[in-house]
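**Q** Below is one structure. I have some questions about it.
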Amino acid sequence: MKKQTKFGLGLLLTTVVLGTLVYCLLYNNDNKYTASLPWGYGYNVIEKEPDQVAFIVDGWEFYPGQLLEPGDFSNGISPEFYTYIGEFPNFSFHLDSPYGVATYRIILQNRSQLQELALYLPELLCAGRVYINGTLAGEQGSVDPYQPRVMDGIYTIPACEYIEIIIQCANYTHYYSGLYYPPAVGTLNAVMRMLIVRLVVYGFLCFSTLAIALFHLAQWLTSRDKLTRWMGLLSLAFALQISYPFLRMLGVPSVRPLYALEDVCGNIVLLCAILLAGELSGRGTSWYHKFVSRPLAVGICAFSFFFPLLILPYAPFFINTYGLILFAWELIAGLYLIFLARCILYSDRSLGALLLFAAGIYGVAVVLSSLTANRFEPICGAWLEEYGGFALVIGFGALMVRRGILLSQENQRLTFHLQEEVERKTKGIETLLKERRELLANLLHDLKNPLAALRGYADLVKAGNVAMDSETAGYLEALTERVQVLGERFNVLQDFSRGERGVLPSENICLNSFLKEFYDSNRPDMELSGLQFCLQLPAKACVVSGNPERLQIALENLCYNALSFTPPEGVITLSLEEKGNFAQISVQDTGSGIAPEDLPHVFERGFTRRRNGGGDGLGLFMVWTIALEHGGTVEVSSQMGKGTIFTLHLPKRDAE
């Protein structure tokens with residue numbers, strides 16, 4: 001346990017150090033604030049050749065609550081405040097409300113080779129006008145009348161030594177206000193290069209995550225695994241959240257829903273990450289996960305969607321509080337993910353290491369983002385929190401892959417042992433069946449010897465011309481026939497015992513004459529107890545292809561089974577009719593009937609309900625088997641106290 005603790009702490013420390021090194025690299029090489037122009041109060045200076053973009057960060061004249069045009073500055077208006085871009089997230093620090101208007105002004109001194117430049121202006125929150133050297137260069141949305149629009153703009157700067165830039169901003173929509181992201185200046189090629197690299201970075205983050213989302217959501221549709229569903233939702237939410245650079249290129253007028261969607265997607269990422277980590281760590285059933293962290297994560301998702309849409313428009317003084325709540329939640333969620341990752345280390349080191357690394361990267365990114373607010377903004381790359389969110393997606397993706405590998409290995413192990421167990425059981429059953437077949441075959445062989453002797457004695461009596469009356473001679477003849485039938489039955493049982501039924505020799509059988517012969521042969525035995533045995537045949541010949549001996553066995557089992565359950569005054573009816581392509585042979589009795597709960601089992605081998613334990617449950621099983629051998633079926637219907645009907649369905653053949 002101590003070893004795992006040391007490993008977890010070491011991995012977490014490594015993550016913090018690695019995240020800090022990455023931040024330092026980004027801070028010095030991909031940061032608008034470290035790539036800013038030299039400045040003074042009210043002006044910036046372009047000293048170098050503008051083949052690389054630079055950013056107008058410091059020295060802005062700031063006029064809160066005023067919309068000033070170029071003509072207003074010719075009267076010598078003095079600025080009340082100077083600011084750098086990003087210092088104030090909204091107007092509430094000067095206007096007591098994030099809603100209102102403001103004007104920004106700067107003078108660019110171009111000391112490099114004079115050439116036409118481009119000004120890249122990220123989204124103005126939430127509407128604005130841009131004046132360059134006293135001329136309206138463009139608008140983002142509409143300041144008057146107020147119509148917000150989320151978009152970026154590129155404007156041409158003429159080739160001159162002094163350039164005046166005036167930006168008017170109006171916000172009555174969002175919790176950020178005014179010029180919050182530093183503008184860029186450089187040649188048009190340099191600006192386009194920066195934007196292309198930025199779109200490539202965000203394209204990779206967005207579309208790779210979207211591919212992971214579609215894979216897991218498609219997998220969920222087939223497997224219905226909740227972990228797969230959560231992973232798909234996590235990736236899809238992050239892909240939507242990270243897609244904003246593409247939306248700003250197009251320009252989106254629905255400002256409040258767009259920003260609410262971004263906030264919701266970010267919180268869904270955290271919700272799904274907490275759900276996944278809770279299940280994988282084994283803490284999904286703990287009280288603090290079920291009743292604290294999970295409801296809190298769901299509540300924050302709902303809060304971040306409805307609050308900006310329904311509350312902030314009418315109570316803007318809550319805007320700063322709203323921002324603090326979201327920031328605090330991100331920090332708490334990051335720490336909780338690190339805690340869950342530590343829990344996984346005690347159950348599965350590899351899974352815990354992956355989650356701990358991903359959660360650690362996210363936590364470091366959130367902390368560094370808060371500590372470097374207004375001092376770091378990426379030029380071409382993504383924000384630190386976005387890198388942290390991407391680390392969560394990739395970390396959980398790797399975690400799910402690892403989990404899939406472990407499940408596959410476990411399935412293979414279980415399948416291997418299951419196959420071994422099946423083979424062992426199968427071998428034992430085959431051995432037992434073989435021994436039973438041999439025992440039954442020997443028993444049948446031994447029984448056939450006295451049966452053959454009995455038939456020999458009967459033949460000897462007949463051959464000796466012993467004086468007998470006609471009744472005794474009839475009994476002797478019937479005894480001889482029954483002995484012959486028993487011999488045939490023993491042959492059939494031997495076939496069953498050896499499993500040698502195979503393909504039956506078959507012939508065309510006219511059921512009309514076949515049933516008439518069966519009826520005439522068995523009527524004396526059937527009516528011996530006093531009941532009535534009836535036959536109903538159609539006028540039209542009905543022909544099937546089958547084995548007469550097998551069909552006779554099936555009919556005898558059905559008829560004598562009915563005889564066992566029919567009282568002496570009852571009736572047993574053997575009938576034939578045609579239905580479609582099948583011939584139906586029915587044996588109907590007026591006996592006691594079969595209980596409803598027994599009907600599904602009457603054709604099962606060994607099933608019997610005979611009184612006094614009589615019967616071995618083979619007769620109806622043999623009927624079912626013979627029906628299958630002939631390509632047909634057998635069914636039963638019964639009413640307690642009224643009787644039972646067994647029906648053989650056999651495929652017909654045309655009469656020749």
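Each reported figure results from applying straightforward, stated rules to the coordinates on display, with no laboratory input. Remember, it's a predicted structure, so these values are computed and weren't measured experimentally. As a convention, Cβ positions derive from the backbone with ideal geometry for all residues, glycine included, and neighbour counts pool all protein chains shown.
**Q** What is the distance, in nm, between label points placed 7 Å from the Cα along the Cα-to-Cβ direction at Val571 and at Leu247?
**A** Inter-label distance under the simple model: 8.3 nm.
**Q** Could you tell me how many cubic angstrom of Cα convex hull volume the stretch 507-653 has per residue?
**A** Working: hull volume 15.9 nm³, N = 147.
Measuring per residue, one finds 108 Å³ for the Cα hull of the stretch 507-653.
**Q** Of the listed peptides 41-53, 67-79, what is their order by residue-averaged count of other C-beta atoms within 10 Å, with the highest listed first? Before the final figure, lay out the partial values.
**A** On the way: 41-53: 16.2, 67-79: 12.4.
The packing order, highest mean first, is 41-53, 67-79.
**Q** Could I ask something else about it? Based on the Cβ-Cβ distance of Gln147 and Ser513, what FRET efficiency does E = 1/(1 + (r/R0)^6) give at R0 = 60 Å, to the nearest 0.05?
**A** On the way: r = 97 Å, r/R0 = 1.62.
For Gln147 and Ser513, the calculated efficiency is 0.05.
**Q** What percentage of all Cα-Cα pairs in the stretch 39-186 are separated by more than 19 Å?
**A** On the way: 5200 of 10878 pairs.
For the stretch 39-186, the share of Cα pairs beyond 19 Å comes to 48 percent.
**Q** Could I ask something else about it? Starting from the Cα-Cα distance between Ala373 and Gln639, subtract it from 0.36 nm times their residue separation and give me the gain in nm to one decimal.
**A** Working: separation 266, 0.36 × 266 = 95.76 nm, distance 8.53 nm.
Gain on extension, Ala373 to Gln639, equals 87.2 nm.
**Q** If you don't mind, another one. Within 10 Å of each residue's Cβ, count the other Cβ atoms and sort Val544, Val22 from fewest upward. All intermediate terms of the calculation are to be shown ahead of the outcome.
**A** On the way: Val544 23, Val22 16.
Neighbour counts put them in this order, fewest first: Val22, Val544.
**Q** What's the exposure ranking of Ser92, Ser638, Ser564, going from fewest to most Cβ atoms within 10 Å?
**A** The order, fewest Cβ neighbours first, is Ser564, Ser92, Ser638.
**Q** Provide Rg and Dmax in Å for the stretch 306-432, with only Cα atoms included in the calculation.
**A** According to the Cα coordinates of the stretch 306-432, Rg and Dmax are 24.3, 85 Å.
**Q** Sticking with this structure for a sec: Applying the Karplus parametrisation 6.51 cos²θ - 1.76 cosθ + 1.60 with θ = phi - 60° to the phi angles of the stretch 29-35, what ³J(HN,Hα) value in whole Hz is obtained for each residue in order, glycine and proline being reported as x?
**A** 10, 9, 9, 4, 6, 8, 10
**Q** Hey, with R₀ at 51 Å, roughly what FRET efficiency would Tyr560 and Glu279 work out to, going by the Cβ-Cβ distance, to 0.05? If you can, show how the numbers build up before the last one.
**A** Values: r = 63 Å, r/R0 = 1.24.
Efficiency at R0 = 51 Å is approximately 0.20.
**Q** Assuming 0.36 nm per residue, please report the length gained on full extension of the stretch Leu199 to Arg111 beyond their Cα-Cα distance. The partial results should precede the final answer.
**A** Working: separation 88, 0.36 × 88 = 31.68 nm, distance 3.11 nm.
Full extension of this stretch gives 28.6 nm more.
**Q** Using the basic label-point model (7 angstrom from Cα toward the beta carbon), what is the Leu188 to Phe291 distance in nanometres?
**A** Rounded to a tenth, the inter-label distance reads 6.6 nm.
**Q** Note down the nm distance, to one decimal, between modelled labels 7 Å out along Cα→Cβ at Glu549 and at Leu21.
**A** 8.8 nm
**Q** A further question on this structure: For the cross-link pairs Lys540/Lys642; Lys226/Lys290; Lys579/Lys652, which exceed 20 Å when the distance is taken from alpha carbon to alpha carbon?
**A** Numbers: Lys540/Lys642 30 Å; Lys226/Lys290 16 Å; Lys579/Lys652 10 Å.
The answer is Lys540/Lys642.
**Q** Oh, and also: Stretch Phe207-Thr34 to full length: gain in nm at 0.36 nm per residue minus the Cα-Cα span? Please list the in-between numbers first.
**A** Numbers: separation 173, 0.36 × 173 = 62.28 nm, distance 2.97 nm.
Residue separation times 0.36 nm, minus the Cα-Cα distance, leaves 59.3 nm.
**Q** Of Gly282, Pro257, Tyr181, whose Cα points farthest to the positive end of the dipole of the stretch 163-284 (charges on the beta-carbon: +1 Lys, Arg; -1 Asp, Glu; origin at the Cα centre)?
**A** The Cα lying farthest towards the positive end belongs to Gly282.
**Q** A follow-up question, please. Can you compute the equivalent ellipsoid semi-axes for the stretch 166-219, i.e. the square root of 5 times each eigenvalue of the Cα gyration tensor, sorted largest first and rounded to whole Å? Let's see the in-between values first.
**A** Working: eigenvalues 211, 89, 7 Å².
So the three semi-axes of the stretch 166-219 are 33, 21, 6 Å.
**Q** Residue by residue through the stretch 595-603, what is 3J(HN,Hα) from phi via Karplus (6.51 cos²θ - 1.76 cosθ + 1.60, θ = phi - 60°)? Round to whole Hz and write x for glycine and proline.
**A** For the stretch 595-603, the Karplus curve yields 4, x, 6, 8, 4, x, 10, 5, 9 Hz.
**Q** Which FRET efficiency value, to the nearest 0.05, is calculated for Asp598 and Leu407 with the Förster distance at 41 angstrom and r the Cβ-Cβ distance? Could the numbers behind the result be given before it?
**A** Working: r = 44 Å, r/R0 = 1.07.
Efficiency, rounded to the nearest 0.05: 0.40.
**Q** Arrange the peptides 126-137, 417-428, 591-602 so that the one whose residues have, on average, the most other Cβ atoms within 10 Å appears first.
**A** Taking the mean over residues of other Cβ atoms within 10 Å, the ranking is 126-137, 591-602, 417-428.
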